[in-house]
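Notes for the one structure printed next.
The values are calculated or read from the model by the stated rules, or taken from the named source; none is laboratory data. Remember, predicted model here, so these are calculated numbers, not experimental data. Note that we place each Cβ from the backbone using ideal geometry, even for glycine, and neighbour counts take in every protein chain shown. Quick note on the areas: whole protein, heavy atoms, side chains included, nothing else; ligands and nucleic acids left out. Shrake-Rupley method; radii C 1.70, N 1.55, O 1.52, S 1.80 Å.
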Amino acid sequence: MTDRRTELAENLARVEERIGAACAAAGRKREDVTLIVVTKTHPASDVRILHGLGVRHVAENRDQDAAPKAAACADLDLTWHFVGQLQTNKVRSVVDYARVVQSVDRVKLVSALSAAAVRAGRELDCLVQVALDAGTDGRGARGGVAPEGVEELAAAVDGAPGLRLGGLMTVAPLTGPYARRQRAAFDRLMEFSSRLRATRPAANMVSAGMSADLEDAVAAGATHVRIGTAVLGVRPRLG
């Protein structure tokens, strides 16, 4: 455990240096960017170590992994983010532990999240996931809604009891016009965020950037970066 703590502390320090340098290069304050550590496939013991190292935001993308992990760490002051594609039959479970769902991409999901949040007596922050690789069906390869669908979803969240519109999220696409053009993708997301904030100034979260491209995200103006491998190392294979 001591070796693992040392490993995580060193990795976290390197990531903090990268975020700090990216903020300095962009003329931004370090406190303007929130680090979310993506702990998927890693054990609850790692989450506890990270908490001891000062991490307060963690993310998961599979409810079957997240729910028991969150329960095992329920005594810690953590904000859990759900960042994966979310099926409506998992919503009630996710609402029990997550305070932020970053992957809202359809009206049906908004309705399900609202019903579960009201039932649980909770208020949930929701980010609309923007798919910059959306196909003719209006959806991206890794979830998300086409840019032209953002306003409809934002309005749905606005009108849904138990939900609060937090802002936007994207994953740098692997295909389409923004493939391997992370900075351009994140700049585009910021354009959508500016439009959203023009009528909804409180929806100011912009979640973008992962281990390989956090600098591009910070330079574009992201408020939250989602870092997994750079902090936790290569993830174990799922069984």
For segment 1-157, the percent of accessible surface on carbon and sulfur atoms (probe 1.4 angstrom, ligands and nucleic acids excluded) is 48 percent
How many angstrom lie between the Cα centre of segment 161-239 and the Cα centre of segment 89-125?
20 Å
Pull up the cross-link candidates among the lysines for LYS69, meaning alpha carbon to alpha carbon under 30 Å and not fewer than 8 places away within one chain.
LYS40, LYS90, LYS108
For segment 1-105, compute the orientation-averaged projected area of the C-alpha convex hull (one quarter of its surface), in nm².
7.3 nm²
Assuming a ≥ b ≥ c are the square roots of the Cα gyration tensor eigenvalues, decide whether the chain counts as rounded (a/c under 1.5), prolate (otherwise, with a/b larger than b/c) or oblate.
oblate
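If R₀ is 35 angstrom, what is the calculated FRET efficiency for the pair THR79 and ARG119, using the beta carbon separation as r and rounding to 0.05? Could the numbers behind the result be given before it?
Values: r = 21 Å, r/R0 = 0.60.
It comes out at approximately 0.95.
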If I model a spin label at ARG181 and GLU31 as a point 7 Å from the Cα along the Cα→Cβ vector, what separation in nanometres do I get?
3.7 nm
What list of whole percents do you get for P(r) of segment 164-219, with Cα-Cα distances grouped in 10 Å bins up to the one holding the largest distance?
26, 51, 22, 2
Suppose all protein chains stay in the model; what accessible area per residue would a 1.4 Å probe give for the chain, in Å²?
45 Å²
